[in-house]
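Beneath this line is the structure, given in structure tokens, with notes to follow.
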Amino acid sequence: MVETARVDLQREFKAPEARANPIPVYAKLRKLGPVLRSADLFGEGFVLPRYEEVVRVLKDPRFANDRRNVPGGSSLDRWWMPAIMRMLISSMVLKDPPDHRRLRNLVQKAFTPVMVENLNGRVEQITEDLLDAAARKPVVDLMEDFALPLPLTVIAEMLGVPQSDRIPFRALIAKVLDSSAVTPISFIRNYPNMLRLNSFLRKLVKLRREQPGDDLVTALVQAEEGGDRLSEDELISMVFLLLFAGHETTVNLIGNGVLELVRHPEQLQKLREQPDLIDSAIEEMLRFTNPVGIVAPRFAKEDVEIAGVPIPKGSALTLLIASANLDETAFPHADELDITRSPNRHVSFGYGIHYCLGAPLARLEARVAIPALLRRFPRLDLAVPAEKLRWRPHIGLRGLEALPLSVSLAGSAAERSAA
Ligand code: HEM
């Protein structure tokens, strides 16, 4: 019997210091071993903190995302869940082949790199509008004023939400997807919003069936693969998955990425001097700031061995992609931010068949947003001491509640007061 250490992930990441800087916690977990034991939602399970094992499991078909495909496993679906939540549970990220392949092929058609590249002009326009409004403020909350509204506006437009509905739609989505709403009380309070979102999305699908447009919902309504189509429920489930998977993740990439640039002035300066580094800078922000910390749980379909540790069939595995991204064996000087890092085989978008469908969109938004922000504000300074920044209490998604920046157009606050 191989000895494996036991960890309590909730406890490890509960302390404010761990949320502000999870790097030492991940280092400790990796040091404990390649396979750790932990109790989670599904009972006794395993945690993988190192790069090699994380990648190996992500590409191994002996692990399922759909718990029903595991001996003795049941669905996560519960009678009391609002319809919209059931939709998420039945979405393709929690499915295995062949269901997963069928759904992914249908959505991929509506989500091609060309379709995403065509959005470039609109993303630029939305970015400039948000920066115009932000530039009128002495202190900008990068989250509220920029990182949050950008992906939300883009996805609302992509989906074909009519102009007149966009503001209430954005407000509704922000409430439903607020990841701090994870306590039972806030869940109950949020219930009516989930119902409202469900009926909003159904109306949107009906509208786009009757009045097709040049948008994603129309493309999904029309998507057909070998005579196959998405059912109404599958369609709603897909749209909700796109909203859920694509919203806070990109918000956190922009927020965490800008914070790290401000905290690493030499890297920020390098990027200002060599704007061509933006693509590798974004990859490094994805690796180093880890907007998404864990992927959906994987379940062993049969008895398996990982790094010499027997994993009985049915076991749930938590794959710490954030920790994998900070693994020294895969990334030299892993705990340093280096915007020129190459190669950079991070797993921030996952790996294998569930590799992030929205990766081209997330990259596009960051590639437009961050350089535009730097061009607009030749000086960016934290407007509060770094220790005062508050992080959202979510183990899987790493993001700030707020990021107050003083955005003097030229010269820092210190330089101005010295002058
Ligand atoms: C920085 C931004 C983003 C990050 C870090 C991210 C990360 C991820 C990760 C790690 C997975 C794999 C989940 C797993 O294997 O269990 C994933 C899947 C997915 N992502 Fe993203 N994502 C981002 C943005 C987006 C956007 C903008 C969209 C769409 C609008 C999107 C849509 C999806 C979908 C649909 C899946 C499921 C794919 C499948 O199951 O085949 N993501 N994402």
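Put simply, of PRO310, PRO291, PRO275 the only residue that is in contact (Cβ under 8 Å) with a residue 60 or more places away in the chain, within 21 Å of TYR51 (Cα to Cα) and open to solvent by 20 Å² or more (accessible area, probe 1.4 Å) is PRO310. Being part of a loop (DSSP other than H, G, I, E, B) and of a type in the set (Asp, Glu), is that true of even one residue in segment 217-237? Checked segment 217-237: at least one residue is part of a loop (DSSP other than H, G, I, E, B) and of a type in the set (Asp, Glu).
Assess whether GLU336 counts as being away from the ligand (no atom under 16 Å from the Cβ), modelled with pLDDT of 95 or more and touching a helix residue (DSSP H, G or I) at 6+ places or on another chain (Cβ under 9 Å). So GLU336 passes the test. In segment 150-179, of all residues being open to solvent by less than 40 Å² (accessible area, probe 1.4 Å) and of a type outside the set (A, V, I, L, M, F, W, C), the one that is nearest to the ligand (Cβ to nearest atom) corresponds to PRO151.
Is there a residue being over 17 Å from PRO297 (Cβ atoms), open to solvent by less than 60 Å² (accessible area, probe 1.4 Å), in contact (Cβ under 8 Å) with a residue 40 or more places away in the chain and in contact with a Phe, Trp or Tyr (Cβ under 8 Å, 6 or more places away or on another chain) anywhere in segment 136-149? Yes, segment 136-149 contains at least one residue that is over 17 Å from PRO297 (Cβ atoms), open to solvent by less than 60 Å² (accessible area, probe 1.4 Å), in contact (Cβ under 8 Å) with a residue 40 or more places away in the chain and in contact with a Phe, Trp or Tyr (Cβ under 8 Å, 6 or more places away or on another chain). Entry remark, segment 376-385: residues being touching a helix residue (DSSP H, G or I) at 6+ places or on another chain (Cβ under 7 Å) and either open to solvent by 40 Å² or more (accessible area, probe 1.4 Å) or near the ligand (Cβ under 9 Å from one of its atoms) (or both) number 2 in total. Note on segment 18-132: enclosed helices (runs of 4 or more DSSP H) holding 2 or more residues that are over 21 Å from the mean Cα position of the chain (by Cα) are 23-32, 51-58, 99-110. Within segment 133-146, the set of residues being outside any helix (DSSP H, G or I) and within 22 Å of the chain's Cα centre (by Cα) comprises ASP141 only. When every residue of segment 180-189 is checked against the conditions, none turns out to be in contact (Cβ under 8 Å) with a residue 60 or more places away in the chain and not in a loop (DSSP other than H, G, I, E, B).
When segment 206-249 is limited to residues that are open to solvent by 10 Å² or more (accessible area, probe 1.4 Å) and of a type in the set (Val, Ile, Thr), the one that is nearest to the ligand (Cβ to nearest atom) turns out to be THR249.
Here's the yes/no breakdown for (1) in contact with a Lys or Arg (Cβ under 7 Å, 6 or more places away or on another chain); (2) more than 12 Å from the ligand (Cβ to nearest atom):
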residue: VAL304; (1), (2): yes, yes
residue: GLY308; (1), (2): no, yes
residue: ILE311; (1), (2): no, yes
residue: GLY314; (1), (2): no, yes
residue: THR329; (1), (2): no, yes
residue: ILE353; (1), (2): no, no
residue: ALA362; (1), (2): no, no
residue: LEU374; (1), (2): yes, yes
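Considering the conditions (1) buried (at least 22 other Cβ atoms within 10 Å of the Cβ); (2) hydroxyl-bearing (Ser, Thr, Tyr); (3) in a loop (DSSP other than H, G, I, E, B), THR340 is excluded by exactly one of them, (1). Selection within segment 345-375: residues that are aliphatic (A, V, I, L, M) and not in a helix (DSSP H, G or I). The member of this set that is least open to solvent (accessible area, probe 1.4 Å) is VAL347. Could you list, in sequence order, all residues of segment 68-105 that are within 13 Å of the ligand (Cβ to nearest atom), in contact with a strand residue (DSSP E or B) (Cβ under 6 Å, 6 or more places away or on another chain) and either modelled with pLDDT under 95 or open to solvent by 60 Å² or more (accessible area, probe 1.4 Å) (or both)? Scanning segment 68-105 gives a single hit, ASN105.
The values are calculated or read from the model by the stated rules, or taken from the named source; none is laboratory data. Values in this document were obtained by computation on a predicted structure and should not be read as measured data. Glycine also receives a Cβ, built like all others from the backbone with ideal geometry; neighbour counts cover every protein chain displayed. Each accessible area value is taken on the protein alone, full model and side chains, heavy atoms only, with ligands, DNA and RNA left out. Shrake-Rupley method; radii C 1.70, N 1.55, O 1.52, S 1.80 Å.
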